[in-house]
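The values are calculated or read from the model by the stated rules, or taken from the named source; none is laboratory data. Values in this document were obtained by computation on a predicted structure and should not be read as measured data. Because the Cβ atoms are built from the backbone with ideal geometry, glycine has one as well, and the counts that use them run over all protein chains shown.
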Amino acid sequence: MDQTFIFADLAGFTAMTEVHGDAVAAEVAAAFCAELNRLMPAGGEDLKSLGDACMVLIPDAADAIRFGLRLVDEAAADRPFPEVRVGMHTGPAVQHGGDWFGHAVNIAARVAGRARGGQVLLTAATREQAPGLDGVEFDDLGLEALRNLRAPVPMFQASRLDGRAISGRQVDPVCRLRLLPDPRQVERAVGSSARFCSDRCAALSRADPVRVST
C-alpha cells in the first residue's frame, strides 16, 4: 500500500544556531515540532525528528500536500522564525521496529533536500494521487537528478492560489530568521537595503558584509 512520506525542516537553522545560540535553537526546534503536530491532519503521524528535521507519514496524498502548504505558511507565523521547507513522495515502504524503510522514504528525503525556504516540493507520484486539488497550483519543475538515484525524478512545486506570497517574505541575511513588520527593523536598515531581526545581526553584517552577502 502506498503512503506519502514528508520531510520538513527549517531553512537556515545552522546560521540561526551560530548567531543566537544553542538554547534558542532548542526552543525553536521544539516550537517547530509543536506547530507541525498542531497542523497535522487526521490520520497523519509524526514519525520522528532529529534536530530541526521531522519525518511525517500521511496516507492520503492530497492531505499531505495541503499539510505541507499550511506548514510553510502558518508555522509560528506570528513571530520571527526560520522559513520551513518541505519535500514529499508517495510510494510503498516497509515498517520495521517502529520505523519505515524503503525507496519511497529515500526519495522523499532527497526531494526535501532540494527545497528552499517556503517551498513545498513533491514528485509526480504524489501529484498523480491528488488530481483536481482545489486551491492549489503545481509548477512542473521537470526532471531533477537526486543524489544516489540512478534515474532523474519528475518534480513539482505546490503553491496556494489564495494570493499568499510565501517565497517573497524577507529573512534576516545573517541568522535567516523570517522578518515581521517592525519599525525597528527598518531603522536598523538605514543606509542598506537589508533588514535584520536584531542589533546583533546588524552589527555582524557590518563586521563581515562579504560573508553575509554570499
For A124, state whether it is crowded, with 19+ Cβ neighbours inside 10 Å and either in contact (Cβ under 8 Å) with a residue 40 or more places away in the chain or within 20 Å of R160 (Cα to Cα) (or both).
no
Log entry, pairs with first residue in the stretch 82-99 being closer than 11 Å to V72 by Cβ and touching a residue at least 60 places away in the same chain (Cβ under 8 Å), second being polar (S, T, N, Q) and outside any strand (DSSP E or B), beta carbons closer than 8 Å, six or more apart or on different chains, reads R85/Q119; V86/Q119
Across (1) at pLDDT below 85; (2) more than 24 Å from T14 (Cα to Cα); (3) surrounded by 13 or more Cβ atoms within 10 Å (Cβ to Cβ), G163 clears everything bar (3)
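This table checks each residue for (1) small (G, A, S); (2) in a helix (DSSP H, G or I).
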site: Q95; (1), (2): no, no
site: A104; (1), (2): yes, yes
site: A108; (1), (2): yes, yes
site: G113; (1), (2): yes, yes
site: G118; (1), (2): yes, no
site: L121; (1), (2): no, no
site: A130; (1), (2): yes, no
site: L133; (1), (2): no, no
site: G142; (1), (2): yes, no
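Here is a yes/no grid of residues against (1) assigned to a helix (DSSP H, G or I); (2) surrounded by 15 or more Cβ atoms within 10 Å (Cβ to Cβ); (3) among the basic types (K, R); (4) touching a helix residue (DSSP H, G or I) at 6+ places or on another chain (Cβ under 8 Å):
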{"site": "M1", "(1), (2), (3), (4)": "no, no, no, no"}
{"site": "F7", "(1), (2), (3), (4)": "no, yes, no, yes"}
{"site": "G43", "(1), (2), (3), (4)": "no, no, no, yes"}
{"site": "D78", "(1), (2), (3), (4)": "no, no, no, no"}
